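Asker: My questions all concern the structure below.
The values are calculated or read from the model by the stated rules, or taken from the named source; none is laboratory data. Keep in mind it's a predicted model, so treat the numbers as computed, not measured. As a convention, Cβ positions derive from the backbone with ideal geometry for all residues, glycine included, and neighbour counts pool all protein chains shown. Heavy atoms of the whole protein, side chains included, go into the accessibility calculation; ligands, DNA and RNA do not. Shrake-Rupley method; radii C 1.70, N 1.55, O 1.52, S 1.80 Å.
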Amino acid sequence: AALIDPKVLEKCTPGCKELELTDESTFKVVMELGVAGVKGVYRGEIKLSDIVSQSSYKATISGEGLLGFIKGEGTISLESVGDNTKLSYVLDFHVGGKLAGVGQRVMGGVAKMMVGKFFGSLEKIVQT
């Protein structure tokens, strides 16, 4: 439930300035992101699909700003393991514009850091 709660997602997402549910499976999002001195505000949406309650879903992410664009797709899977839940994910993203100019090597590290912060924050929230 936390993975589709707008209030939880807003708290967990690094750089998130605004996150609003616009229909049952789409979120409007405003984020401020900075990579290697290239900083900007991006407006876009996150659309959830292929939802299997308490098991898995697909997220499609798109956003644009003055410095470029971000597009991505990911699948999140949940598996009950005793009293715990194992979360697995696969992400694929693309960037363009000045943001892409910082290089894919740097972007990969930044993406891993952001995903780590997101899931670290999510873990703290669901454990309280």
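Asker: Run down Gly68, Gly37 and say which single residue is closer than 24 Å to Gly101 by Cα, out of contact with any Gly (no Cβ under 8 Å at 6 or more places or on another chain) and not aliphatic (A, V, I, L, M).
Answerer: Result: Gly37 is the single residue among Gly68, Gly37 that is closer than 24 Å to Gly101 by Cα, out of contact with any Gly (no Cβ under 8 Å at 6 or more places or on another chain) and not aliphatic (A, V, I, L, M).
Asker: Can you name every residue in the stretch 51-78 that is more than 16 Å from the chain's Cα centre (by Cα) and either modelled with pLDDT of 95 or more or of a type in the set (A, V, I, L, M, F, W, C) (or both)?
Answerer: Across the stretch 51-78, the qualifying residues are Ile51, Val52, Leu66, Leu67, Leu78.
Asker: Then there's this: Kindly indicate whether any position in the stretch 21-29 is assigned to a helix (DSSP H, G or I) and within 17 Å of the chain's Cα centre (by Cα).
Answerer: No, the stretch 21-29 contains no residue that is assigned to a helix (DSSP H, G or I) and within 17 Å of the chain's Cα centre (by Cα).
Asker: Criterion first (out of contact with any Phe, Trp or Tyr (no Cβ under 7 Å at 6 or more places or on another chain), under 18 Å from Ser121 (Cα atoms) and at pLDDT 90 or above) does Lys47 satisfy it? Write out each step before concluding.
Answerer: Details: out of contact with any Phe, Trp or Tyr (no Cβ under 7 Å at 6 or more places or on another chain): yes; under 18 Å from Ser121 (Cα atoms): no; at pLDDT 90 or above: yes.
No; evaluated as a whole, the condition is false for this residue.
Asker: I'd like to check something: does the stretch 83-95 contain any residue that is without any contact (Cβ under 8 Å) to a residue 40 or more places away in the chain, open to solvent by 30 Å² or more (accessible area, probe 1.4 Å) and part of a loop (DSSP other than H, G, I, E, B)?
Answerer: Yes, the stretch 83-95 contains at least one residue that is without any contact (Cβ under 8 Å) to a residue 40 or more places away in the chain, open to solvent by 30 Å² or more (accessible area, probe 1.4 Å) and part of a loop (DSSP other than H, G, I, E, B).
Asker: Turning to a different aspect of this structure: Which one is most open to solvent (accessible area, probe 1.4 Å), of the residues in the stretch 1-20 that are under 23 Å from Leu67 (Cβ atoms) and either in contact (Cβ under 8 Å) with a residue 60 or more places away in the chain or within 12 Å of the chain's Cα centre (by Cα) (or both)?
Answerer: Only one residue tops the list, namely Glu10.
Asker: Further, regarding this structure: Just checking, how many residues over the stretch 26-37 are within 19 Å of Ser49 (Cβ to Cβ) and open to solvent by 20 Å² or more (accessible area, probe 1.4 Å)? Give the steps one after another, and end with the answer.
Answerer: Keep residues of the stretch 26-37 that are within 19 Å of Ser49 (Cβ to Cβ), which gives 26-29.
Next, from what is left, pick out any that are open to solvent by 20 Å² or more (accessible area, probe 1.4 Å): 28.
So the count comes out to 1.
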